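The next block holds one structure in the form of structure tokens; read it before the comments.
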Amino acid sequence: MRDLFIKCFGRFMAVLGCSTMVTACYGVPMESFQVKGRVTDAETGKPVSGLKMTVTPGWDYGVTSGAESIKLSGEYGTSLTEADGSFIVTCYQYGEPEAYKIECEDVDGQANGEYISFDKICHSSESDNLLLEITPVRK
């Protein structure tokens, strides 16, 4: 009886060991999160379309005054603003980020006016309905 138990237990452990080995090969899955917002002209308040929005998740160290205050990690995401100035950017990271860096760049030239690129550090609590203003280039 004891030998039968050991034999069955050994086979059970072999099957259990093989079934868990596959998940260990792929590592920890990344989580996705979205940053949603709207960009308007700082002078007129009108929505601006055709801007490239880049979001990079990271870890905040308590100081959010500049780009050096965040350790960037994870996979960045990009999106273009729509006609109403809205954007949705999806990013991937291991675990929920504490903060992220958002970059706004005018990539369409003079089509919708020329604007000065900028970046900003935001906390992850500010990932919905983010309102940004972009400054036009003065000539």
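Here the range 54-109 is the region considered, the condition is being acidic (Asp, Glu) and either modelled with pLDDT under 80 or under 16 Å from the mean Cα position of the chain (by Cα) (or both), and the residue that is farthest from residue 32 (Cα to Cα) is 68.
Residue count for the range 87-139 satisfying the condition of being touching a residue at least 60 places away in the same chain (Cβ under 8 Å), among the aromatic types (Phe, Trp, Tyr) and crowded, with 18+ Cβ neighbours inside 10 Å: 2. In the range 110-119 there is at least one residue that is modelled with pLDDT under 90 and in a loop (DSSP other than H, G, I, E, B).
The values are calculated or read from the model by the stated rules, or taken from the named source; none is laboratory data. Since the structure is predicted, the reported quantities are computational estimates derived from the model, not experimental observations. All Cβ positions, glycine included, derive from the backbone under ideal geometry; neighbour counts span all protein chains shown.
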